[in-house]
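Structure first, then comments.
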Amino acid sequence: MHSGIRSLLVLLSCSLSTLIGFSQDQWRDTFPEDSAFVSAGRNSYFVLEPGFRLVLKGKEKGASAKLVITVLEETKVVDGVETRVVEERESVDGALVEVSRNFFAVGKQTKNIYYFGEEVDMYREGKVVSHEGAWQSGVRGARYGLMMPADPLRGSRFYQEVAPDVALDRAEVISTTEAVKTAAGRFKNCLKVEETTPLEPDTKEAKLYAKNIGLIRDGSLSLVEYGFEHK
């Protein structure tokens, strides 16, 4: 094949891969489609605006579990990017078990939501006992991942966390047409993803997201309340 034609085909292939955003048989772990970021915004399935809150409840191993996710006013520079801090507080039978501060940013070009890391405090009997799972993009070889694409395509696969030996969560889009009922309401055209990690090959977790709201089901937990906090 002539070198000029070969070069053109390679260029077209790269351009097509960028437009499609994924390969059916590979997990994406780099995201060159965005080179500039902002610390607030939203896309169809993820709200990154200060004051927005989600509350999920359910049963885990027979115990009552609660997860509160709050987009804070606070920002933090991670790997040279100003990110928004999203706090997650998890409790079991009323006792706090984990608090994480997660760092997200929105791609200016695509409105993809990117994940730049997290600080983690694990609790036992009211005391911090571990920071397991903490990581930040740009530290010890870690890179930011794709938390939520602006236009999820069925079958797409991508890493949400790229922190070798620490956090390698990845997601596959299963459906964008799920109907879900929770205590907070009935939701149509929901996004279903399956999360896995090569660090725990036998573990799988399903999550569902509603348009203009975000996470409505996380394993056995379901949405009971959502909206902006009143000051």
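Just so it is clear, none of the values below were taken in a lab; they were calculated from the coordinates. Predicted model only: the values in this text are computed from it and were never measured. So basically every Cβ, Gly included, is an ideal-geometry build from the backbone, and we count neighbours across all protein chains shown.
Between amide H atoms placed 1.01 Å from N, distances below 5 Å from residue 83 occur with 76, 77, 78, all of them 5 or more places distant or on a separate chain.
Label reach from residue 63 (point 7 Å along Cα→C-beta): in the range 128-166, amide nitrogens under 20 Å belong to 128-134. Computed from backbone phi, the HN-Hα couplings of the range 191-199 come to 8, 10, 10, 10, 9, 9, 8, x, 6 Hz, rounded to whole numbers (Karplus: 6.51 cos²θ - 1.76 cosθ + 1.60, θ = phi - 60°; Gly and Pro given as x). Under 5 Å from the amide H of residue 98 lie the amide H atoms of 90, 123, each residue being 5 or more positions distant or on a separate chain, with H modelled from the backbone and absent for Pro and chain starts. Taking only DSSP H segments of four or more residues, each worth -39500 (n - 2.57), what value at 222 nm results for the chain once the sum is divided by all its residues, to the nearest 500 deg cm²/dmol? For the chain, the value works out to -2500 deg cm²/dmol.
Nothing charged except the Cβ atoms of Lys and Arg (+1) and of Asp and Glu (-1): what's the magnitude of the dipole of the chain about its Cα centre? Round to the nearest 20 debye. Let's see the in-between values first.
Values: 30 positive and 34 negative charges, 168 e Å.
Value, rounded to 20: 800 debye.
3J(HN,Hα) along the range 215-221: 5, 10, 8, 10, x, 8, 8 Hz, from the Karplus curve 6.51 cos²θ - 1.76 cosθ + 1.60 with θ = phi - 60°, whole Hz, x for Gly and Pro. Between 182, 96, 128, the Cα set farthest toward the positive side of the dipole of the range 68-215 (charges on each charged residue's Cβ, about the Cα centre) is that of 182.
Report the net charge of residues surrounding residue 189, where surrounding means a beta-carbon distance below 9 angstrom and charges are Lys +1, Arg +1, Asp -1, Glu -1. That works out to +1. At each listed q (0.08, 0.12, 0.14, 0.15 Å⁻¹), what is the log10 of I(q)/I(0) that the Debye formula gives for the chain modelled as equal alpha-carbon point scatterers? Log10 of I(q)/I(0), two decimals: -0.31, -0.68, -0.93, -1.08.
Counting 0.36 nm for each residue step from residue 49 to residue 224 and taking away their Cα separation leaves a gain of 61.0 nm. Ordering 131, 230 from the fewest to the most neighbouring beta carbons within 10 Å gives 230, 131. Seen against the Cα atoms of the chain and their longest principal axis, helix 3-20 is set at about 20 degrees.
Summarising the amide proton neighbourhood of residue 178: residues at separation of 5 or more, or on other chains, whose placed amide H is nearer than 5 Å comprise 189, 190, 192. Using a Förster distance of 41 angstrom, determine the FRET efficiency expected from the C-beta separation of residue 35 and residue 179, and round it to 0.05. The formula returns an efficiency of 0.65 here. Among 113, 213, the order by Cβ neighbours within 10 angstrom, fewest to most, reads 213, 113. Coupling constants for the range 144-153 follow from the phi torsions by the Karplus curve (6.51 cos²θ - 1.76 cosθ + 1.60, θ = phi - 60°), and in residue order they are 5, x, 9, 7, 8, x, 5, 10, x, 10 Hz; glycine and proline get x.
What the Cβ-Cβ distance of residue 200 and residue 70 gives, at R0 = 25 Å and to the nearest 0.05, is a FRET efficiency of 0.35.
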